[in-house]
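The values are calculated or read from the model by the stated rules, or taken from the named source; none is laboratory data. This is a predicted model, so every value here is computed, not measured. We place every Cβ from the backbone using ideal geometry, glycine too, and count neighbours over all the protein chains shown.
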Amino acid sequence: MGIEIKMPALSPTMEEGTLAKWLVKEGDEVKSGDILAEIETDKATMEFEAVDEGLIGKIMIAEGTEGVKVGTVIATMAGEDGEAAPAPAAPAAAAPKAEEAPKKAESGTSKLASEARATVQDPDLPAGTEFVKTTVREALRDAMAEEMRADERVFVMGEEVAEYQGAYKVTQGLLAEFGDKRVIDTPITEYGFAGIGAGAAMGGLRPVIEFMTFNFAMQAIDHIINSAAKTNYMSGGQMRCPIVFRGPNGAASRVGAQHSQNYGPWYAAVPGLIVIAPYDAADAKGLLKAAIRSTDPVVFLENELLYGRSFDVPKVDDYVLPIGKARIMRPGKDVTLVSYSIGVGLALDAAETLAAEGIDAEVIDLRTLRPLDTATVLESLKKTNRLVVVEEGWPTCSIASEIAAVVMEKGFDDLDAPVLRVTNEDVPLPYAANLEKAALIDAARVVEAAKKVCYK
Amino acid sequence: MAKPTTPRAASAKAKAAAPAPAGADHNRPRPETPTDYKASKEELLEFYRQMVLIRRFEEKAGQLYGLGFIGGFCHLYIGQEAVAVGIQSALKPGKDSVITGYRDHGHMLAYGIDPKVIMAELTGREAGISRGKGGSMHMFSVEHKFFGGHGIVGAQVSLGAGLGFAHKYNNDGGVCVAYFGDGAANQGQVYESFNMAELWKLPIIFVIENNQYAMGTSVNRASSEDQLYRRGESFRIPGIQVDGMDVLAVRGATEEALKWVQEGNGPILLEMKTYRYRGHSMSDPAKYRSRDEVQAVREKSDPIEGVKKYLIDAGVSEDEIKVIDQDIRKVVAEAADFAETSPEPEAHELYTDVLVEQY
């Protein structure tokens, strides 16, 4: 029986990749473990090995092809009996077994996939500014590289940041440019290196500490809070701790409960910290640069699902954004949708849907979670009188709860409806695709909530 | 049952880590076994002066606590004076950096920081070194490169490794001294820091002030390896056990440690065998040990009495020593007066220094 070789998924978040190179040709005999091809994902170039023995039949996807979806048949292989696999163009001939096999489970995080853009430009940018399409991943790297060029005290430390080029490729190329004095691989020892980073900051340096994900920063949270956040206050303003703790935060894709949590509300609860959670690439760049320059300790929450998404980044020298300022992503007059990080894309998608139904939604990206720009939120509420908070995270004691409290305290008279929270379900994130999907927010829930506060 | 406590090492004053059994690294270089520091008469007088200052200062702090002038946790350094004085005297203020835990008054005094601003911090006054916002456990002097004053047991070890990292990064020739207790020596982050400090050859001296009790738990009830100077061995950090009740032994070991670190060998571990006479903090009745045990240490190994003997051997008269004692009493009384009478922080200070910048 012939075998179809399909484009493999090489990471939890991979949806497509580039077939960079074939290492076999039609008619070659291969055995299990031979390398068939090199496949480029957004994170790395991976070697793709043969699982079965046999002869390579037809190569369906030429090398160099970009955007090959996971599951696409890329070649066929004749099995041991020499019978070639049926051409995939003839689905009727598919092996009966294939029909029984469960189809690739769709991750719940696919619902979070949105590349929605702001509909308004940053008003501070001069007219005619050129934009460059940049992924969030590249924008973050560019921010670090620019600040490292400008300030000798800045260094990057974390697991796999140097020789591996970053577990999520965010620090790609930094080692080559800045050397191993300033781009430092650590052992797997979060508490230890977070403390070393904080100590180095107290000693006058400007560390950027990468956590492979913020889930692992739980082991280091003592230094983030007790050492970094409280130092300036406890010393009567004498001892500083200018440090950036950064890394991906929030749900990834099918990685289970221990690797899928939004720590935004945790850190935003702590006086003495700055907490930033950008959505698009321009904000990622401008705010990370600001974070590295800040004299205060900053928790910089990225999102793995956003790393590969492309947005327009203004081509200006030294693009630095103000910390603590929310951004109106889309102006509207009927309802305010407040969000941050990956939730912003969903809010923008929901606004599109709502527009088609005659509801004009204003979308606000908080960008900074501490200090929270409540003025922008309250100003918007004055205009719309209705508010929904969209948060990829748990509902209890959340940023959404905080916004609801602020609005109740300071904007009560402007409210024409109760504030609604659209958040993940109040459970640890499950693994099963259907349950994961049920646990996470999506644009449809935002639309539903917005209609509810508009009494429609 | 707890073993009897013997702060003064019975045989040798300083004991370098026993040679490792034959193996891959049995012949790697090790620091020399330190010898007692040969102090001049002037140096001995200064050691005595500083140690008495710490003792009288801490006694006064204990009194002020009893009177309600000092609140919260207050951990006294009485009994351990030789450690801070012996080590600090070997450092270069402004070049070498120092970090410790919450039992920090002694280290600050030994670094020459004004007793008035330390006492005023204890009483929570505006003139305190942390402007009244830190308290006993959180005092800093960035000017002296004294980096605190940390309340989470063991955190100062990782932070200290970071200070060592900064010395190396800046290539400024400085060394960090990170003090911690026998209790902190069981914290996981200590070993995470040992690993990276040796891996990256950071210029840092780890000092375990083994005062025998982690709050109420004796070392041998808490530590499977109670010879704490060996705790760096699996990271290839050499360790030396030192009589922490003898200021000259402490200073001698520090000289050797500084030499080791400054030669680029990476970190070194000093275990200072010492003893605290008072409870863990002011609120500790210290029921976990007998009065006889404390009394025996006071009589046989008191670090101040030890220096006094050295002074007399060096030809200093009892009268000269009395003059120092009186002078110190005056300094401490003035510090206490200052701390009792200076004003509390203004109300608006509640909101200052949360962040450095405006956003």
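Selection within the range B:110-144: residues that are crowded, with 24+ Cβ neighbours inside 10 Å and under 26 Å from B:Gln262 (Cβ atoms). The member of this set that is nearest to the other protein chains (Cβ to nearest Cβ) is B:Phe140. Quick one: is A:Pro207 closer than 25 Å to B:Leu159 by Cβ and not in a loop (DSSP other than H, G, I, E, B)? So A:Pro207 passes the test. Those strands (runs of 3 or more DSSP E) of the range A:227-323 in which at least 2 residues are of a type in the set (Val, Ile, Thr), considering only elements entirely within it, cover A:274-276, A:298-302.
Does A:Gly272 qualify as being surrounded by fewer than 23 Cβ atoms within 10 Å (Cβ to Cβ), more than 21 Å from the chain's Cα centre (by Cα) and of a type in the set (Gly, Ala, Ser)?
Answer is yes for this residue.
Please enumerate the residues belonging to the range B:145-161 that are among the aliphatic types (A, V, I, L, M) and either in contact with a Lys or Arg (Cβ under 9 Å, 6 or more places away or on another chain) or at the interface with another protein chain (Cβ under 8 Å from one of its Cβ atoms) (or both). Selection gives B:Ile152, B:Ala155, B:Val157, B:Leu159, B:Ala161. Scanning the range A:218-238 for residues that are buried (at least 24 other Cβ atoms within 10 Å of the Cβ) and either in contact with a Lys or Arg (Cβ under 8 Å, 6 or more places away or on another chain) or without any contact (Cβ under 8 Å) to a residue 60 or more places away in the chain (or both) yields a count of 7.
Of the set (1) surrounded by fewer than 20 Cβ atoms within 10 Å (Cβ to Cβ); (2) in a helix (DSSP H, G or I), all apply to B:Lys38 but (2). Here the strands (runs of 3 or more DSSP E) wholly within the range A:123-198 that include at least 3 residues being within 14 Å of another protein chain (Cβ to nearest Cβ) and under 28 Å from A:Lys325 (Cα atoms) are A:154-158. Scanning the range A:357-369 turns up no residue that is part of a helix (DSSP H, G or I), surrounded by fewer than 22 Cβ atoms within 10 Å (Cβ to Cβ) and not aromatic (Phe, Trp, Tyr). Does B:Leu91 satisfy the condition of being away from chain A (no Cβ under 14 Å) and not in a loop (DSSP other than H, G, I, E, B)? So B:Leu91 does not fit the description; no. Condition check: in contact (Cβ under 8 Å) with a residue 60 or more places away in the chain, more than 14 Å from every other protein chain (Cβ to nearest Cβ), in contact with a helix residue (DSSP H, G or I) (Cβ under 9 Å, 6 or more places away or on another chain) and not charged (D, E, K, R). Does B:Ile321 satisfy that? The answer is yes for B:Ile321. Condition check for B:Glu271 on (1) within 14 Å of another protein chain (Cβ to nearest Cβ); (2) crowded, with 17+ Cβ neighbours inside 10 Å: one failure, at (1). Among the candidates B:Arg298, B:Arg289, B:Arg278, single out the residue that is part of a helix (DSSP H, G or I) and under 23 Å from the mean Cα position of the chain (by Cα). Residue meeting the stated conditions: B:Arg298.
Test of understanding: among B:Val242, B:Val261, which residue is of a type in the set (Val, Ile, Thr) and out of contact with any Asp or Glu (no Cβ under 9 Å at 6 or more places or on another chain)?
Checking each option against the conditions leaves just B:Val261.
Quick check: anything in the range A:140-153 buried (at least 19 other Cβ atoms within 10 Å of the Cβ) and touching a Phe, Trp or Tyr at 6+ places or on another chain (Cβ under 7 Å)? Yes, because at least one residue in the range A:140-153 is buried (at least 19 other Cβ atoms within 10 Å of the Cβ) and touching a Phe, Trp or Tyr at 6+ places or on another chain (Cβ under 7 Å). Restricting to the range A:370-410, name every residue that is charged (D, E, K, R), under 16 Å from A:Ile328 (Cβ atoms) and surrounded by fewer than 20 Cβ atoms within 10 Å (Cβ to Cβ). Selection gives A:Glu379, A:Lys382, A:Lys383. Determine whether B:Gly315 is out of contact with any strand residue (DSSP E or B) (no Cβ under 6 Å at 6 or more places or on another chain) and either under 30 Å from A:Leu273 (Cβ atoms) or part of a loop (DSSP other than H, G, I, E, B) (or both). Yes, satisfied. Only a single item in (1) out of contact with any strand residue (DSSP E or B) (no Cβ under 6 Å at 6 or more places or on another chain); (2) outside any loop (DSSP other than H, G, I, E, B); (3) surrounded by 24 or more Cβ atoms within 10 Å (Cβ to Cβ); (4) not charged (D, E, K, R) is not met by B:Gln262, and it is number (3). For the residues B:Gly160, B:Gly134, B:Gly164, the requirement of being touching a residue at least 12 places away in the same chain (Cβ under 8 Å) and under 27 Å from B:Tyr65 (Cβ atoms) singles out B:Gly134. For the range A:279-316, which positions are acidic (Asp, Glu) and closer than 26 Å to A:Thr13 by Cβ? Matches in the range A:279-316: A:Asp280, A:Asp283, A:Glu302, A:Glu304, A:Asp312. Being surrounded by 24 or more Cβ atoms within 10 Å (Cβ to Cβ) and either modelled with pLDDT of 95 or more or under 22 Å from B:Ile304 (Cα atoms) (or both) is a property that B:Ser97 has. Of all the criteria given as (1) within 12 Å of chain A (Cβ to nearest Cβ); (2) touching a Phe, Trp or Tyr at 6+ places or on another chain (Cβ under 7 Å); (3) farther than 29 Å from A:Ala194 by Cα; (4) among the β-branched types (Val, Ile, Thr), the one not satisfied by B:Ile78 is (1). Here B:Val98, B:Val52 are screened, and the one residue that is assigned to a helix (DSSP H, G or I) and under 20 Å from B:Ile113 (Cβ atoms) is B:Val52. Annotation: of all residues in the range A:204-239 being charged (D, E, K, R) and touching an Asp or Glu at 6+ places or on another chain (Cβ under 9 Å), the one that is nearest to the other protein chains (Cβ to nearest Cβ) is A:Arg206.
Answer with yes or no whether B:Gly183 is more than 10 Å from chain A (Cβ to nearest Cβ) and modelled with pLDDT under 95. Here the answer is no, as B:Gly183 does not meet what is asked. For the range A:411-434, filtering for residues that are assigned to a helix (DSSP H, G or I) and surrounded by fewer than 14 Cβ atoms within 10 Å (Cβ to Cβ) leaves 3. Scanning the range A:42-54 for residues that are surrounded by fewer than 18 Cβ atoms within 10 Å (Cβ to Cβ) and over 28 Å from the mean Cα position of the chain (by Cα) turns up A:Glu49, A:Val51, A:Asp52, A:Glu53.
With the structure loaded, tell me whether A:Gly128 is closer than 30 Å to B:Val190 by Cβ, without any contact (Cβ under 8 Å) to a residue 60 or more places away in the chain and more than 24 Å from the chain's Cα centre (by Cα) or whether it fails that test. It is false that A:Gly128 is closer than 30 Å to B:Val190 by Cβ, without any contact (Cβ under 8 Å) to a residue 60 or more places away in the chain and more than 24 Å from the chain's Cα centre (by Cα). Is it the case, given these coordinates, that B:Phe140 is under 25 Å from B:Val354 (Cβ atoms) and modelled with pLDDT of 95 or more? Against the criterion (under 25 Å from B:Val354 (Cβ atoms) and modelled with pLDDT of 95 or more), B:Phe140 qualifies.
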